[in-house]
1. Report, by chain and number, residues whose modeled amide H sits under 5 Å from the one on A:I140, excluding near sequence neighbours (fewer than 5 apart, same chain).
2. Students often forget the sequence filter, so: which aspartates and glutamates lie under 13 Å Cα-Cα from B:K153 once same-chain residues fewer than 8 apart are removed?
3. Quick one: if you stick a label point 7 Å off each Cα along the C-beta vector at A:A146 and A:D73, how many nm between them?
4. Using a cut-off of 12 Å between alpha-carbon atoms, which aspartates and glutamates can reach A:K186, once sequence neighbours fewer than 8 places away in the same chain are excluded?
5. In debye, nearest 20, what is the charge dipole magnitude of chain B about its Cα centre with +1 on Lys and Arg Cβ and -1 on Asp and Glu Cβ, if you could check?
6. Take the residue pairs A:K61/A:K147; A:K159/A:K244; A:K201/B:K271; A:K66/A:K201; A:K147/A:K172; A:K172/A:K201 and return only those whose Cα atoms are more than 25 Å apart.
7. Need one value for A:188-201: mean number of C-beta atoms belonging to other chains within 10 Å of its residues' C-beta atoms.
8. Could you work out the mean projected area of the convex hull around the alpha carbons of segment B:172-281, in square nanometres to one decimal?
Amino acid sequence: MALLKRRHWIAGSLAALTGCSRDPRAEPSAVSIARAAHYDGQLFDLIRRLLIEQGLDVRGKRVVLKPNLVEFDPGTTINTHPLVVHAALEAFRSLGAAEVRIAEGPGHRRNTLELAEAAGYFKTIPNFEGLFTDLNLDDISPVRLAKPFARLESLYLPKTALGCDLLVSLPKMKTHHWVAATLSMKNLFGLVPGSVYGWPKNILHWAGIHQCIADLHTLFPRAFAIVDGITGMEGNGPIQGTPKFAGVIVAGRDPVAVDATCCRIMRIDPERVHYLQLAARRGGLSEAAARQTGEPIASVQVPFELIPQFRTLRLGPG
Amino acid sequence: MDPATRLLALQNPDGGWGYRGGNSWTEPTACALLALEDQPQAAGAAARARAWLQRLQRPDGGWAPHPAVEQSTWVTALVVLLGMDADRQGRAIQWLLERTGEDTTLLNRVRRLLLGIRSEYSQEPPAWPWFPGTAAWVPPTAMSVLALRKVHKQQPDSRLQQRIEQARQFLFTRMCQDGGWNHGSSRALGFQIGSYPETTGLALLALHGVEQARLARSLALAERYLQECRSQEGLSWLQLGLLAHGRRPAAPEGIPERNPLETALRMLAAKAAGGRNVFLE
């Protein structure tokens, strides 16, 4: 990719200003695990409690919620459940956020709103269209990657994501046929605009999927993560897998720690997931590197079926 | 307010159109210009749009999707459809002819062979990527076919003819089991993947002139999609694709246009229903 002119660069450090948290590597990152048996109205209280537990101060902040919207198939569980997104929206509002928007740039479908309608977002979230930004069609800024893992020196990214105070990644807990697990970090692929790179965002595959996940994390290191792990997906995810009940919501300020914890819940060894290895170079991925609150991992662990090439990543007995 | 007036009201002061307001982008601007150029009341707006696009041509002959992007991409095909002056058009066509999906380059074929990487597709004729250096996909390939066909009809050229035929083969290799098309991945890890309305319509448009028997399932699917689709963009491509094969599709009413691109596509579909399909002229 052509080098960008200096005047066009928004240094990666600008993105580091987003978010409302302390340096996640200064001490073990807190990861909250809460049981949630159903998609229902109680999710608002649960997510609000997790945000308070995480000490998140969003008063006066502009918050962007980034769910995972990929495809719609009524027979399975591809997308972040709209009730989780609605609960998060109301929880951030109740904690004093100045503005909460929902934003996503699906990787396959151009008609994002049609997809959102099929996935139940219009029906569940009042004024959804007014709150929503299609990141595939948003205005963009070039961003330079200072020390990229992938073969990309720069990316064009949507201004809605670059300009918010707190980016909240709201993924579905799923296995993934290329990278083993797709969670809060992989969910950031949806920030990369289709209007520039196309549908799918194939440039991320050619540059190295694991490396690009780590690079996007570098650009948004303090994104907050809330993982919809009530009913996830196992097997040939992220689209053609099978629904898998795990009954949890997992949240935290450090996406690496949150994703490592989710891997443990799915009985995947996070220390052997390459993008987590790259992103956690300094912080480590051991269980001790995160301070778990709420439910202990062991009490909510449920093995997600893995396709054959990832069976070596199965976490051994605890 | 009629669609042309709505579209004109959304034009940016610089002459272009945005996807949803905001900065001008090449794709909505080219589509708006295709839709408006024969409208007498749009002459001034069309001239400003054309000037905006002309300023955006890059030294390599292609167009970037947005002024901030320093890379020519698939949108070059859309601008070729508009027709530029001979020099601009010639350089743009050359840019298109020099592009193929990275997966079909000799280097990558050899690499896959050496590494024993098996492709989902046994036949992989060259086609077009969205963004240089990446694989070929259905929408940029369909749009490039339409652009090169238009040029080839005016100035027959064997190089164009060869790329058009190869690209059409590519579209057939990427047809989904249901007869339609998605972004271009009809199979993955042995699983069949379903099609989408908008890409099915666009692929059918690019396959204009192909014998109907080869497309019977695709046309039947497109007619079904036309009754189910809830986006104006999808409906417009379906209508354009069906009209290209002699069908007279009646689209459902009341589906909103959500941005200038959808308004432009709706106008182009209406124009095609009236007998003038600008993608096939």
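Derivation of every value follows stated rules applied to the coordinates shown; laboratory data play no part. All values derive from a computational prediction rather than experimental measurement. Virtual Cβ from ideal backbone geometry, glycine too; neighbours counted across all protein chains shown.
1. Amide H to amide H, under 5 Å and 5 or more residues apart or across chains, A:I140 pairs with A:K159.
2. Answer for B:K153, where 13 Å is the Cα cut-off: B:E281, listed by chain and number.
3. With each label point 7 Å from Cα toward Cβ, the separation is 4.2 nm.
4. A:D215, A:D259
5. On the way: 31 positive and 26 negative charges, 79 e Å.
Computed about the Cα centre, the dipole is about 380 debye.
6. A:K61/A:K147; A:K159/A:K244; A:K201/B:K271; A:K147/A:K172
7. On the way: counts 0, 0, 0, 0, 0, 4, 3, 11, 11, 8, 13, 10, 7, 3.
Averaged over the peptide's residues, the number is 5.
8. Working: hull surface 27.6 nm².
Orientation-averaged projected area of the Cα hull: 6.9 nm².
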